[in-house]
1. Are any residues in region 26-42 under 16 Å from G13 (Cα atoms) and touching a residue at least 24 places away in the same chain (Cβ under 8 Å), and if so, which ones?
2. Taking region 17-69, which residues are at pLDDT 90 or above and aromatic (F, W, Y)?
3. Can you tell me which residues in region 52-69 are touching a residue at least 24 places away in the same chain (Cβ under 8 Å) and surrounded by 15 or more Cβ atoms within 10 Å (Cβ to Cβ)?
4. Of the residues E32, E28, which single one is of a type in the set (D, E) and surrounded by 10 or more Cβ atoms within 10 Å (Cβ to Cβ)?
5. Return the pairs, sorted by first residue and then second, in which the second residue is in a strand (DSSP E or B) and of a type in the set (S, T, Y), the first residue lies in region 1-18 and is open to solvent by 50 Å² or more (accessible area, probe 1.4 Å), the beta carbons are less than 9 Å apart, and the residues are 6+ apart or on different chains.
Amino acid sequence: MLKHGKYVYVDLGNGKYIKVRVLKARDENSPERYILTSSINKKKPKDAITIKLDNLPVEVKDKLTKFFL
């Protein structure tokens, strides 16, 4: 895991990943739980946790598609 689970990679579905900071003290479905970074990667570390774009809250998903897709 990266930095004790502080970061996860979101699969954008087109072979690209974005690194996202996860705040553990927030509710699972809260948009404030996820802080977007500005880096899009084609590769991710092999031990990184990957989540699908569809599993994120709607507000975070809209922000991702607006800025990065």
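1. Listed by number, the residues that qualify are I40, N41, K42.
2. Of everything in region 17-69, those that are at pLDDT 90 or above and aromatic (F, W, Y) turn out to be Y17, Y34.
3. Listed by number, the residues that qualify are L53, L56, P57, V60, K63, L64.
4. On inspection, the qualifying residue turns out to be E32.
5. Here the result reads M1/Y7; Y7/T37, each pair linking region 1-18 to a residue that is in a strand (DSSP E or B) and of a type in the set (S, T, Y).
The values are calculated or read from the model by the stated rules, or taken from the named source; none is laboratory data. Computed from a predicted structure; not experimentally measured. Ideal geometry is used to build each Cβ from the backbone, glycine not excepted, and the neighbour counts take in all protein chains shown. Calculation scope for accessible area: heavy atoms of the full protein, side chains included, ligands and nucleic acids excluded. Shrake-Rupley method; radii C 1.70, N 1.55, O 1.52, S 1.80 Å.
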